[in-house]
1. Go through (1) assigned to a helix (DSSP H, G or I); (2) touching a Gly at 6+ places or on another chain (Cβ under 8 Å) and name the single condition THR14 misses.
2. In a helix (DSSP H, G or I) and either on the phi > 0 side of the Ramachandran plot or in contact (Cβ under 8 Å) with a residue 12 or more places away in the chain (or both): does that describe ALA35?
Amino acid sequence: MKTKISELLVILGTVLFVGGAMSYLRGELPAEHIAGLGALALIFVGAGAGMKKAKH
């Protein structure tokens, strides 16, 4: 079960990062929000990778 959660966190962080970058490039997202969105995506990816690594 924890493996699925860790994979989901990694996927969510990746989608958040790519979605934020695409929104910024299309002009739908102001530049002030990019740093916060990138940090949130990094937290999700780091938490998911840490859970996956701790399991093995």
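1. Looking at each condition in turn, THR14 falls short on (2).
2. No.
Values quoted throughout were computed directly from the atomic coordinates according to the rules given, and no laboratory measurement underlies them. What you see is a predicted model, and the numbers here were worked out from it, not measured in a lab. Backbone-built Cβ (ideal geometry, glycine too); neighbour counts: all protein chains shown.
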